[in-house]
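Quick notes on the structure that follows.
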Amino acid sequence: MNKLDSSLVVAALKDIGFQITDKPTLADVVLINTCSVRGHAENRVMSNLGHLKHLKQSKPNLIVAVMGCMAQRLGSELLEHPAVDIVAGPAQIPQIPEMINDALNCRINSIAITEKIRARHAPAENKTLDDFELAYDTDENHISSQAFVRAMRGCNNFCTYCIVPYVRGPEISRPPHAIIEQIKKLTDQGVKQITLLGQTIDAYCYDGDERQYRLADLLEMVHDIDAVKWVRFITSHPGKFDPAILNAMANLPKVCPYLHIPAQSGSDRILKAMNRKYTSAQYLDLIAQAKETVPGIAIASDFIVGFPGETDDDFAATVDLVQKARFKNSFVFKYSPRPGTHATKEMEDNVPDEVKKQRNIDLLDVQNQIAEVDNQHFLGKTMEVLVEGLSKKPHLNKAENDNNPQLIGRTATDYIAVFNGPEELAGGFAKVRITRTSPLTLFAKLI
Ligand code: SF4
């Protein structure tokens with residue numbers, strides 16, 4: 001979501017004549033997009049603002065704008081920071097170019113956030129956001145021939161640890177025709193893979209034209225666009241997952257057989273305290289149903305370790321769930337209290353940091369052992385990848401002894417494959433044969 005928002009604002013600024021630099025010392029304007037999901041991300045923003053405060057002493061005309069969830073969360077408090085000139089929440093990104101011009105021309109500090117974040121946005125505000133996305137989502141913003149397209153905004157789930165409902169507002173599904181129009185524009189520019197975005201994408205629901213559109217319907221509509229070769233969607237919530245989505249994945253060949261569906265914990269007691277609205281048994285049933293309906297599906301999950309009150313037994317239940325589900329990969333985070341959430345207000349952050357750290361390491365170890373074994377099944381297999389470009393870690397595959405540079409590609413099931421090949425392949429599909437595996441990467445030879 002944040003990557004998409006950043007790219008939209010960058011495109012809008014380029015459109016009115018700005019050039020982009022990643023060196024703050026060369027910039028007239030520094031724009032920071034922020035995430036509030038973990039304390040660590042917010043601390044990094046504050047540390048960057050500290051550096052910019054010093055830079056402003058030698059560049060007094062420098063304009064600093066803070067956008068995104070932290071801007072929405074802290075509002076005027078952030079505007080009081082000596083480095084900050086502009087504060088804009090996630091729903092106000094279309095206003096940023098004008099706010100920057102005002103700050104440059106008239107030295108006016110400004111703030112634009114949503115006052116009543118849980119009130120439904122006015123239709124005009126949604127339209128402005130939709131128009132902004134349609135105008136500025138271009139293929140230039142994305143890695144070779146792939147694009148993110150927002151299907152919905154906000155979240156209604158109120159997991160007790162999570163700040164998203166308080167900074168991104170209620171769930172709002174975009175009209176399917178606006179999504180399709182945007183995708184057609186992107187495919188006209190050469191985009192081949194679409195990733196539909198939503199905090200709870202499986203809850204996509206739009207009432208219009210005397211019928212209701214759910215995610216399975218939207219996937220079918222995207223699938224029908226000839227120029228779309230692959231379509232993905234992230235992220236799903238296991239609580240109300242619609243089985244029609246699995247049928248769409250099984251029956252529509254361009255829908256990638258990849259599901260990111262965070263479990264967060266394997267302990268029913270902790271899941272209840274997190275307000276996740278499912279049990280570990282229900283979660284595992286859903287995973288079994290997904291594997292049965294969509295052969296070869298790859299499933300990834302997220303976990304929070306050290307949630308308030310998490311005992312050794314609760315953590316053992318999480319390890320047990322990971323061992324049973326056999327995920328492709330898991331993202332593991334240490335619990336971090338977020339101001340204003342139910343967990344922060346009502347629960348004591350009582351798992352010591354060293355225990356959180358150890359559980360984080362232990363759970364990743366379990367996950368890595370699973371992936372190490374399961375990935376060996378790919379040895380010798382031919383897989384199709386969408387080539388993203390040059391590999392950032394060229395040492396990884398140096399045994400290949402090939403004069404071509406090392407490229408990185410992604411399978412439909414979201415595995416990363418590294419192989420040697422001509423750089424011109426970037427943005428296209430290629431077939432590779434897997435020669436070596438590790439828990440997170442497949443090493444391959446171009447066919
Ligand atoms: S589903 Fe839960 S974790 Fe995900 S964004 Fe909504 S409140 Fe946050």
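Just so it is clear, none of the values below were taken in a lab; they were calculated from the coordinates. Small disclaimer: the values here were computed from a predicted structure and weren't measured. All Cβ positions, even for glycine, are placed from backbone atoms using ideal geometry, and neighbour counts span all protein chains on display.
Summary of values
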read-out	value
The chain: most fluctuating residue of Gly89, Gly17, Gly39 per GNM, C-alpha cutoff 10 Å	Gly17
Where labels lie 7 Å past Cα in the beta-carbon direction, separation of Asn109 and Glu424 in nm	5.5
Packing rank of 347-357, 163-173, 274-284, where each peptide gets the mean count of other beta carbons within 10 Å, highest leading	163-173, 274-284, 347-357
Ile20, Ile234, Ile261 arranged by Cβ crowding within 10 Å, fewest neighbours leading	Ile20, Ile234, Ile261
Length-normalised contact order for the chain - Cα pairs under 8 Å, 6+ apart - percent	10
Where no second cysteine Cβ lies under 4.7 Å, the cysteines concerned in the chain	Cys35, Cys69, Cys106, Cys155, Cys205, Cys256
Over 22 Å between alpha carbons, listed pairs Lys184/Lys240; Lys56/Lys392; Lys3/Lys254; Lys254/Lys431; Lys3/Lys59; Lys324/Lys393	Lys184/Lys240; Lys56/Lys392; Lys3/Lys254; Lys3/Lys59; Lys324/Lys393
Stretchable slack from Val366 to Arg211, in nm (0.36 nm times residue separation minus alpha-carbon distance)	51.3 nm
Gaussian network model of the chain, Cα within-10 Å springs - most flexible of Asn251, Asn368, Asn360	Asn251
Trypsin sites (Lys or Arg not before Pro) within segment 317-353: DSSP coil, no more than 16 neighbouring Cβ in 10 Å	Arg326
Listed peptides 103-109, 123-129 by packing density, highest first (mean Cβ within 10 Å)	123-129, 103-109
Estimated 222 nm signal from helices in the chain, with DSSP H stretches of n ≥ 4 weighted -39500 (n - 2.57), rounded to 500	-11500 deg cm²/dmol
Mean separation of Cα contacts under 8 Å, 6 or more apart, over the residue count of segment 262-377: relative contact order %	29
Sequence ranges 219-226, 92-99, ranked by mean other-Cβ count within 10 angstrom, highest first	92-99, 219-226
Label point distance in nm, Ile180-Arg120, each placed 7 Å from Cα along Cα→Cβ	2.3
Length released on extending from Arg269 to Gln282, taking residue separation times 0.36 nm less the Cα-Cα span	3.3 nm
